[in-house]
1. Hey, can you tell me all the residues within region D:12-54 that are under 14 Å from the mean Cα position of the chain (by Cα), more than 9 Å from chain A (Cβ to nearest Cβ) and free of Cβ contacts under 8 Å to residues at least 24 places away in the same chain?
2. Would you pick out the residues in region D:45-74 that are assigned to a helix (DSSP H, G or I) and out of contact with any Leu (no Cβ under 6 Å at 6 or more places or on another chain)?
3. In this structure, is A:V59 in contact (Cβ under 8 Å) with a residue 40 or more places away in the chain, of a type outside the set (F, W, Y) and facing chain D (nearest Cβ under 8 Å)?
4. Is it the case that region C:131-142 has a residue that's of a type in the set (G, A, S), buried (at least 24 other Cβ atoms within 10 Å of the Cβ), within 7 Å of chain B (Cβ to nearest Cβ) and under 20 Å from the mean Cα position of the chain (by Cα)?
5. With B:V59, B:V45 as the choices, which residue is touching a residue at least 40 places away in the same chain (Cβ under 8 Å) and either farther than 19 Å from C:N53 by Cα or more than 10 Å from the chain's Cα centre (by Cα) (or both)?
6. With respect to B:A34, is the statement that it is under 19 Å from A:L36 (Cβ atoms), part of a helix (DSSP H, G or I) and without any contact (Cβ under 8 Å) to a residue 24 or more places away in the chain true?
7. For region D:74-98, give me the residue count where each residue is aliphatic (A, V, I, L, M), closer than 20 Å to C:Q87 by Cα and more than 7 Å from every other protein chain (Cβ to nearest Cβ).
8. Run down B:V140, B:V134 and say which single residue is within 11 Å of chain C (Cβ to nearest Cβ), in a helix (DSSP H, G or I) and touching a residue at least 40 places away in the same chain (Cβ under 8 Å).
Amino acid sequence: MADVLVVLALMFVAAAATAAVLNRDPARQAVVLSLLGLGLAVAFTVLQAPDVGLSQLGVGSALTPLMILLTVRKVRKGKGRGRE
Amino acid sequence: MNPWLGGAALLLVGGLGPSLWAAASGGAGRRVVAQNMATLLLCLVFLLLAQGYGRTAYVDLALVVAVLGPAGTLVFARLLLDRDSGDPPGARWLTPVVAVATPATVIPLCIVTGPGRATVKLVVIGLLLLAGGVATTRAVRRG
Amino acid sequence: MSRRVRMGVLAAGLLATAALFVTAFLDMPHFGGAWHPYGDRAVQASVNRRTANTVSAVNFDQRGFDTLGEESILFASVLGTVVLLRQARDERTRAPRPGPVPAALRRYGLVALPATLLIGLYVIAHGQLSPGGGFQGGVVVATALHLLYIAVDYPALERIRPLGLYEVGDAVGEAAYVVLGVAGLLAGSAYLANVLPFGTFNTLSSGGTVPLLNAAVGLEVASAVVVLLARFLVQALEIEGGDGGKEQAA
Amino acid sequence: MSVFPYAVAGWIFLVGVYGLATSRNLVHAVGCLSVAQSATYVLLLAVGYRRGGTAPVFSDTPTTASVVDPVVQALALTDVVVGATVTALLLALVVQTAKRHGTTDPDELHELKG
């Protein structure tokens, strides 16, 4: 059973990583990256590393998406002004 | 065969898998709803794993997701969702799923754990999750 | 280089790397094996020093100097970000207008903020016992403060966030780690040696210097993340952007 | 099963590098870099796993329990948080690039320069 969970969690992580790369719009990629972070946290936990899982949760669930979305907003604002 | 780990595997395949699909395709609204659903289910997965491995220390992960998961969804609701685009598809399922799945997971865990500090922690996680679910649904549907 | 040539080079590189990976993976000790010489010794050392969470013991006791290096990377990248995202001379700021926030969301934010803060501090304080520690808890604490921005509004966050204080906190956290290391030297032992009494196994005061170093790291990480996000928030929400840059360069 | 987790780590790394090399947006490229970075965590933890082992945290389990390797966990743990601040530094560079050149497409940047 433990092995089944490891395989499932790793497959989820691999799928999320692929999806994160294939989503070319950074704002939408941020959503997939957040799911990748959650998937990694599960994978770390089934690999019996709850410490690393906690670390990943803290960073991946809110912090990284917030930074990416703020960057996207800043960059778009700059571009919109340039076109005017 | 450990039923708790079995439940976690089932949630992983049946809950988080489809959430990933929805989060990786379609419009912004659908993605944010999927992300919200994923964090709520993930919290339950961690609770089931903690029980399944027989390690109460793992409950801390569920505790952290219960507060940071909604925070993440609120980030997306604030910076990604278009205010005038209306109700995102699937948003009306959020509250029923949270309202059913959370007690369905937390109450059996409380019964198995028995009275004590661990049970109080489980109840706190359940309440945080319910409050977070309601608040994020409100934010996502504000649309 | 044309796009097609570039893709060809990329494909060749990826395939070669994949081949190297496969060769290496087939030769590695198999997944889930029982042979972990370093792990077994680290666990033994940690139990001898009465630290229940051996991962914290490795980070802050056995490899404390290495963690100082990691912390310095963190400190340096925060410094770099602050320098890169400072307000340029030709940029104007504009106070962002507070948007309408549903009352239910505002109430959730006000309840979740103290709860998240408490959970973050709990994670830092229990680093030597259960999963957690300064790195994880610091991020949770910093996220808690930003619930004010994401659930209430930006001016509310600005009111409770004296930024200078967090910049000091970042430096104090880093300095506290260095000073705790010097304490080892003063006690007649090595730099960052665990010189405090180890205490009773599985209690809050166990582990000697581990909880103190955890607290120092927690302070630094929390302050660092607050400072980082503050820069991004100012850039995205306040600064209008000057006309310099491109035009001047051209 | 004996090499599957390693293969997953390899796949994540390669797919991240592919995204990095073909990216048309610097913010997307930073996201791809963080994907490639997560491959190292998966690989490290897979190396440290012991079948039937539990987490090397003895707050709720006897010290005689069979546990997985804590050294690799310590390596991954600090790098997750430090990696996030490095991501922030890269995003700050992207913001500066966009300010100076008005674009975040690496190909257009190349044309500007040369």
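1. D:L14, D:V17
2. D:A46, D:V47, D:G48, D:P70, D:V71, D:Q73, D:A74
3. Working: in contact (Cβ under 8 Å) with a residue 40 or more places away in the chain: no; of a type outside the set (F, W, Y): yes; facing chain D (nearest Cβ under 8 Å): yes.
So A:V59 fails the test.
4. Looking through region C:131-142, at least one residue is of a type in the set (G, A, S), buried (at least 24 other Cβ atoms within 10 Å of the Cβ), within 7 Å of chain B (Cβ to nearest Cβ) and under 20 Å from the mean Cα position of the chain (by Cα).
5. On the way: B:V45 fails: touching a residue at least 40 places away in the same chain (Cβ under 8 Å).
One residue alone meets the criteria, B:V59.
6. So B:A34 fails the test.
7. Number satisfying all stated conditions: 1.
8. On the way: B:V134 fails: touching a residue at least 40 places away in the same chain (Cβ under 8 Å).
The conditions single out B:V140.
The values are calculated or read from the model by the stated rules, or taken from the named source; none is laboratory data. None of these values were measured; they are calculated from a predicted model. All Cβ positions, even for glycine, are placed from backbone atoms using ideal geometry, and neighbour counts span all protein chains on display.
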